[in-house]
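Since the structure comes first, as structure tokens, the remarks are kept for the end.
The values are calculated or read from the model by the stated rules, or taken from the named source; none is laboratory data. On a predicted model such as this, the values are computed, not experimentally measured, just so you know. Positions of Cβ are generated from backbone atoms using ideal geometry, with glycine treated the same way; all protein chains shown enter the neighbour counts. In case anyone asks, the SASA skips ligands and DNA or RNA and just uses the protein heavy atoms, side chains included. Shrake-Rupley method; radii C 1.70, N 1.55, O 1.52, S 1.80 Å.
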Amino acid sequence: MLGLPDTITACLFDLDGVLTTTAELHMEAWKKAFDEFLRARDGEGFTPFTEHDYAEYVDGRPRADGVREFLRSRDITLPEGTPDDAPTELTVNGVGNRKNEFLGQVIAERGVQPFPGSVRYLRAVRDAGLAVAVVTSSRNGETVLEAAGLTDYYQALVDGNVIAERGLNGKPAPDSFLAGAQALGARPGQAAVFEDALAGVQAGRAGGFGHVVGVDRADQTDELRAHGADVVVKDLADLLEEDA
């Protein structure tokens, strides 16, 4: 009753935009960080960071990869720096850390909310006895899950910290999802991937997973399908409605 093939024994969920509403907070923090950087570089006539930029170059990717991809789209090159760079440093890591600083501020101000339909779906998955991992490029995964009250729903977490520690390639490479499946003792063909980001859906397809669910939070159904989603829904609860 989950809208999944019978062969699926494990579910791999992205976090921001799939389980929680934090994708919009990430977008806001990225825009603030990039616009601040671009304004200082190009003056008041700068071209702002847009929702398209977020979806195309940043969403779903590890922080430094997102900075690098967006700046490349604007023909801008910065030194890499190190993960310890101050948020004021004009480096890839510095800009990324500035974004994370802004994200912390906005989460503190507004809190974190799970999507009600996602909570319903997680309960159904748990009741059905399927294993669950959360796979996110964010280094704030554990904090967000705790704030959203979702810690009882998963058995494994692969976040940006794990990705960095293990030297995994970020989405759109499938490495993080493969690590999530491995943590649950499932083969890729036995696992379903749930993603709202184009890079994440692409990673699910590249990893040979048994089912890839695209979650359309930004009116990009066609793009999600083109990047490899087997099915696209507006909300995870829609998968339950299909079986009702």
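Please determine whether any residue of the range 14-22 is part of a loop (DSSP other than H, G, I, E, B), touching a strand residue (DSSP E or B) at 6+ places or on another chain (Cβ under 6 Å) and not hydrophobic (A, V, I, L, M, F, W, C). Yes, there is a match, as at least one residue in the range 14-22 is part of a loop (DSSP other than H, G, I, E, B), touching a strand residue (DSSP E or B) at 6+ places or on another chain (Cβ under 6 Å) and not hydrophobic (A, V, I, L, M, F, W, C). Checked against the criterion of being among the hydroxyl-bearing types (Ser, Thr, Tyr) and either over 15 Å from the mean Cα position of the chain (by Cα) or surrounded by fewer than 20 Cβ atoms within 10 Å (Cβ to Cβ) (or both), the range 69-77 contains one or more residues that satisfy it.
Of all residues being of a type outside the set (Asp, Glu) and in contact with an Asp or Glu (Cβ under 8 Å, 6 or more places away or on another chain) in the range 141-154, which is farthest from Thr21 (Cα to Cα)? Just the residue, please. Filtering first and then ranking leaves Gly141. If we scan the range 166-180, do we find a residue that is farther than 16 Å from Val132 by Cβ, open to solvent by less than 50 Å² (accessible area, probe 1.4 Å), in contact (Cβ under 8 Å) with a residue 12 or more places away in the chain and more than 15 Å from the chain's Cα centre (by Cα)? Taking every residue of the range 166-180 in turn, none turns out to be farther than 16 Å from Val132 by Cβ, open to solvent by less than 50 Å² (accessible area, probe 1.4 Å), in contact (Cβ under 8 Å) with a residue 12 or more places away in the chain and more than 15 Å from the chain's Cα centre (by Cα). Residues in the range 120-157 that are touching a strand residue (DSSP E or B) at 6+ places or on another chain (Cβ under 8 Å) and open to solvent by 10 Å² or more (accessible area, probe 1.4 Å): 12 in all. Consider Val92 carefully, then state whether it is open to solvent by less than 30 Å² (accessible area, probe 1.4 Å) and over 16 Å from the mean Cα position of the chain (by Cα). So Val92 passes the test. Residues that are loosely packed, with under 14 Cβ neighbours inside 10 Å and either outside any loop (DSSP other than H, G, I, E, B) or of a type in the set (Val, Ile, Thr) (or both) within the range 23-56 comprise Arg39, Ala40, Arg41, Asp42, Thr47, Thr50, Glu51, His52, listed in sequence order. On inspection, Ala192 passes the criterion of being over 12 Å from the mean Cα position of the chain (by Cα) and buried (at least 23 other Cβ atoms within 10 Å of the Cβ). Pull out all pairs, ordered by first then second residue, where Cβ-Cβ is under 6 Å, the residues are six or more apart or on different chains, the first lies in the range 57-84 and is modelled with pLDDT of 95 or more and of a type outside the set (Ser, Thr, Tyr), and the second is open to solvent by 20 Å² or more (accessible area, probe 1.4 Å) and not in a loop (DSSP other than H, G, I, E, B). Short answer, once both residue conditions are applied: Glu69/Tyr57; Phe70/Tyr57; Gly81/Asn93.
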